[in-house]
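Okay, so here's the structure we're looking at.
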Amino acid sequence: MESYSVCQLQKDMRYEGFLLVRSAEKRKDVKGNDYVDMNLTDRTGEINCKIWNWESTAETPESGAVVKVRGTVQEYNGRLQLRIERWRPMTEEDPVDMSQLVPSAPRKGSEMMAEIRETVNSFTSEKLRKLTEGMLENAGTDLEWFPAAQRMHHAERSGLLHHTTDMLRLAQAMLEVYPWLNRDLLLAGVIIHDLAKMDELKSDRTGNVTDYTRDGQLLGHLVRGITNLNRVADRLNIHGETVTLLEHMLLSHHGETEYGSPKAPMFPEAEALHWIDIMDARMNTMKGVEDKTPEGAFSEKIFSLDRRIYHPMYTDSAE
């Protein structure tokens, strides 16, 4: 059976493939029989699905799970609906590419982690190397898939690593222009500046953020980042200027009180971190908007940028 994405489905098509469970609920039909109503998605769209004649003792699929389904596309009240005949949960042996099911970073999480660890290993400052390694250890293995946001820049699976590694590359380019900057301090600040988003956001392994945590609501990732850093520093018995500089970089990387930073950057590496963060966030946002906007057209107003975005035609013949 030919494979289709959700956006390609049409009435009377046969479908078989892997989809992500957005929601699933057991209900009763007019005759009192159990059935399951589900919304399944891939990265291109979402479709409502029905599994009729459901066994009353069977458990419904969980939100965030990946399932393999087979069925026929029908139309109900003017909307497409998939009538599922067979289904099963995904297994470890299934060759499922999560990037086809959910918005995902362009590079694998494992590859981006390797890039970060290679950078940390290159530090000449033993204190900065140990502190950065400690912060990565504190973040844990979930860092490989964790997103960077709920709706704004890098709101995707492995988005936090995508943001971090792109910032590292920007920082390396900046160091070519301003070689007098402290390389290890700047790169360490880049790596740890958003790690506390893992305390701030509620996300499943697909990179879908459902809400902010209690920490996120009461403290935010800037403050929690500092407390995490202090715990790591105490465990490693590292104190003094190095820790204070990193604390300031965490506290000031949003730049202004309007965006959550109680202090503006007060030394060059902190200022560099702030602008690298803004540059990468805005470029990622603009790329995402441009991808969804036809050439020669303007987007709707983008809240995070407070403006509309134009998608240039990039041709000499455009008028």
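The values are calculated or read from the model by the stated rules, or taken from the named source; none is laboratory data. Computed from a prediction, not measured in an experiment: that's the story for all the values here. Reconstructed Cβ throughout: ideal geometry from the backbone, glycine too, with neighbour counts over all protein chains shown.
A few remarks follow.
- For the stretch 91-113, the condition of being closer than 24 Å to Asn228 by Cα, out of contact with any strand residue (DSSP E or B) (no Cβ under 7 Å at 6 or more places or on another chain), of a type in the set (A, V, I, L, M, F, W, C) and not in a helix (DSSP H, G or I) holds for none of the residues.
- Thr242 vs. criteria outside any loop (DSSP other than H, G, I, E, B) and either surrounded by fewer than 17 Cβ atoms within 10 Å (Cβ to Cβ) or of a type in the set (Asp, Glu) (or both): no
- Qualifying residue in the stretch 272-279 (condition: farther than 24 Å from Gln150 by Cα and in contact (Cβ under 8 Å) with a residue 24 or more places away in the chain): yes
- Qualifying residue in the stretch 144-153 (condition: among the acidic types (Asp, Glu) and out of contact with any Leu (no Cβ under 9 Å at 6 or more places or on another chain)): no
- Test: residue in the stretch 253-262 that is modelled with pLDDT of 90 or more, out of contact with any Cys (no Cβ under 9 Å at 6 or more places or on another chain) and either surrounded by 14 or more Cβ atoms within 10 Å (Cβ to Cβ) or over 19 Å from Leu128 (Cβ atoms) (or both): yes
- You will find that of Lys28, Lys68, Lys50, the residue that is over 28 Å from Phe146 (Cβ atoms) and modelled with pLDDT of 90 or more is Lys50 and no other.
- Candidates Ser104, Ser110 - the one that is loosely packed, with under 15 Cβ neighbours inside 10 Å and small (Gly, Ala, Ser): Ser110
- When restricted to residues that are farther than 19 Å from Ala272 by Cα and among the polar types (S, T, N, Q), the stretch 132-187 contains 4.
- Residues that are outside the structural domain of Asp234 (by TED's automatic domain parsing) and buried (at least 22 other Cβ atoms within 10 Å of the Cβ) number at least 3 in none of the helices (runs of 4 or more DSSP H) confined to the stretch 120-218.
- All positions within the stretch 44-72 that are touching a helix residue (DSSP H, G or I) at 6+ places or on another chain (Cβ under 6 Å) and either in a loop (DSSP other than H, G, I, E, B) or surrounded by fewer than 14 Cβ atoms within 10 Å (Cβ to Cβ) (or both): Thr44, Gly45
- Residue in the stretch 20-33 that is assigned to a loop (DSSP other than H, G, I, E, B), within 21 Å of Arg205 (Cα to Cα) and not assigned by TED's automatic domain parsing to the domain that holds Asn208 present: no
- Verdict on Met286 being aliphatic (A, V, I, L, M) and in a loop (DSSP other than H, G, I, E, B): no
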